[in-house]
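K.L.:
If you scroll down you'll find the structure; I have some questions about it.
The values are calculated or read from the model by the stated rules, or taken from the named source; none is laboratory data. Everything numeric in this text was worked out from a predicted model, so none of it was measured. Ideal geometry is used to build each Cβ from the backbone, glycine not excepted, and the neighbour counts take in all protein chains shown.
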């Protein structure tokens, strides 16, 4: 290379996270790049009245699942990336999350509260198969008997049934699996690297058989595209062993609204105008609403029809009861390095 002092381009040991992957893993992950997240805290805190938890833990920022509608896409812009392809292909990895979590639980004043895995992006996205950061975090939760709730659209969550069952024995774990559709073709277009619907139902079944309380979240319900599937989705989840069901209406903050409309025009041009109109029917003529109390459900006659369809079918299937409450009563701080714990 003329004009260059070297032809070598070694990795930046401070920024990018380099993985030694076999051929199958490289093919699976494609051109995705991973960067070390140097944050020195592990738990994010929120005060949203729409959420049932105060703390969340996100081992990854950005998400390989590539769901076109994902509300978390704009958060990637704060990192200097785009909400589009960068969100799917430039993933921040918090590889020291388990160690930071242990330090948090070891603080003298720490009081156990429910921690959500994840509050933003999926903690079981494809790279988790290789890095196992979420599993190592769950090992800390299990050691400390600390309450944790998981929400994921990945079948990989069933891999950790052993740890989740150990926590559930102390009323300290439950899992919510996210479902959007039972149509494999629609799922492949809309959520290209997420587990297919049947695999998610298999995960519900496997966790239930292991003794882990499992719920289902229809999220997002997309007016004019997936809302008609609500009865079938709830039936499939109940048959797989889900104890509870909830739902969240699609919301499309900028620039996700433009990404979604472009996707609709390309994938379903014959339905694009109808779907867009239905979305606006539930959002007072807009594509999104950030107002607490209504951003999860929308408003207007069409939103009410969706709510009624869900409520009737959830009640019929016994999915209208809340998930068992999580408890921190069995919490114990982590053992010091080299110290044996008394059982």
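Here's the yes/no breakdown for (1) out of contact with any helix residue (DSSP H, G or I) (no Cβ under 9 Å at 6 or more places or on another chain); (2) surrounded by 21 or more Cβ atoms within 10 Å (Cβ to Cβ):
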{"residue": "84", "(1), (2)": "no, no"}
{"residue": "103", "(1), (2)": "yes, no"}
{"residue": "107", "(1), (2)": "yes, no"}
{"residue": "118", "(1), (2)": "no, yes"}
{"residue": "130", "(1), (2)": "no, no"}
{"residue": "134", "(1), (2)": "no, yes"}
{"residue": "138", "(1), (2)": "no, yes"}
{"residue": "143", "(1), (2)": "no, no"}
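K.L.:
Can you tell which of 234, 182 is surrounded by 21 or more Cβ atoms within 10 Å (Cβ to Cβ) and under 20 Å from residue 316 (Cα atoms)? Give the derivation first.
P.N.:
Working: 182 fails: surrounded by 21 or more Cβ atoms within 10 Å (Cβ to Cβ).
The conditions single out 234.
K.L.:
Search the stretch 315-329 for residues that are over 30 Å from residue 144 (Cα atoms) and pair each with any residue that is at pLDDT 95 or above and part of a loop (DSSP other than H, G, I, E, B) when their beta-carbon atoms are under 8 Å apart and the residues are at least 6 apart or on different chains.
P.N.:
319/242; 319/243
K.L.:
Looking at the stretch 279-298, can you tell me whether even one residue there is in a helix (DSSP H, G or I), buried (at least 17 other Cβ atoms within 10 Å of the Cβ), free of Cβ contacts under 8 Å to residues at least 60 places away in the same chain and over 20 Å from the mean Cα position of the chain (by Cα)?
P.N.:
Initially, the stretch 279-298 is screened for residues in a helix (DSSP H, G or I), giving 279-281.
If we keep only those that are buried (at least 17 other Cβ atoms within 10 Å of the Cβ) as well, we get 279, 281.
Retained after the next criterion (residues that are free of Cβ contacts under 8 Å to residues at least 60 places away in the same chain): 279, 281.
Adding the requirement that they be over 20 Å from the mean Cα position of the chain (by Cα) leaves 279, 281.
There is at least one residue in the stretch 279-298 that is in a helix (DSSP H, G or I), buried (at least 17 other Cβ atoms within 10 Å of the Cβ), free of Cβ contacts under 8 Å to residues at least 60 places away in the same chain and over 20 Å from the mean Cα position of the chain (by Cα).
K.L.:
With respect to residue 248, is the statement that it is free of Cβ contacts under 8 Å to residues at least 60 places away in the same chain, touching a strand residue (DSSP E or B) at 6+ places or on another chain (Cβ under 8 Å) and either under 24 Å from residue 150 (Cβ atoms) or outside any helix (DSSP H, G or I) (or both) true?
P.N.:
Details: free of Cβ contacts under 8 Å to residues at least 60 places away in the same chain: yes; touching a strand residue (DSSP E or B) at 6+ places or on another chain (Cβ under 8 Å): yes; either under 24 Å from residue 150 (Cβ atoms) or outside any helix (DSSP H, G or I) (or both): yes.
When the stated conditions are applied, residue 248 passes them.
K.L.:
Next question, about the same structure. Condition first: free of Cβ contacts under 8 Å to residues at least 24 places away in the same chain, assigned to a helix (DSSP H, G or I) and either farther than 20 Å from residue 302 by Cα or within 24 Å of the chain's Cα centre (by Cα) (or both). Now tell me which residues in the stretch 262-278 satisfy that.
P.N.:
262, 264, 265, 266, listed by residue number.
K.L.:
Within the bounds of the stretch 146-158, is there any residue that is surrounded by fewer than 18 Cβ atoms within 10 Å (Cβ to Cβ) and modelled with pLDDT of 95 or more? If you could, list the steps in order and put the result at the bottom.
P.N.:
Taking the stretch 146-158 and keeping what is surrounded by fewer than 18 Cβ atoms within 10 Å (Cβ to Cβ), we get none.
Checking the stretch 146-158: not a single residue is surrounded by fewer than 18 Cβ atoms within 10 Å (Cβ to Cβ) and modelled with pLDDT of 95 or more.
K.L.:
Please verify whether residue 207 is surrounded by fewer than 24 Cβ atoms within 10 Å (Cβ to Cβ), at pLDDT 95 or above and touching a strand residue (DSSP E or B) at 6+ places or on another chain (Cβ under 9 Å), treating the condition exactly as stated. Before you say what the answer is, go through the steps one by one.
P.N.:
Numbers: surrounded by fewer than 24 Cβ atoms within 10 Å (Cβ to Cβ): no; at pLDDT 95 or above: yes; touching a strand residue (DSSP E or B) at 6+ places or on another chain (Cβ under 9 Å): yes.
No; evaluated as a whole, the condition is false for this residue.
K.L.:
While we're looking at this one, here's another question. So, in the stretch 99-132, how many residues would count as being free of Cβ contacts under 8 Å to residues at least 24 places away in the same chain and not in a helix (DSSP H, G or I)?
P.N.:
Within the stretch 99-132, residues that are free of Cβ contacts under 8 Å to residues at least 24 places away in the same chain and not in a helix (DSSP H, G or I) number 4.
K.L.:
Also: Could you tell me which residue of the stretch 163-185 is nearest to the chain's Cα centre (by Cα), considering only residues that are assigned to a helix (DSSP H, G or I) and under 20 Å from residue 136 (Cα atoms)? I'd like the intermediate steps shown before the answer.
P.N.:
Residues of the stretch 163-185 that are assigned to a helix (DSSP H, G or I), as a first pass: 163-168, 184-185.
Cutting the leftovers down to under 20 Å from residue 136 (Cα atoms) gives us 163-168.
Details: 163: 19, 164: 16, 165: 20, 166: 22, 167: 20, 168: 20 Å.
Going through the qualifying residues, I end up with 164.
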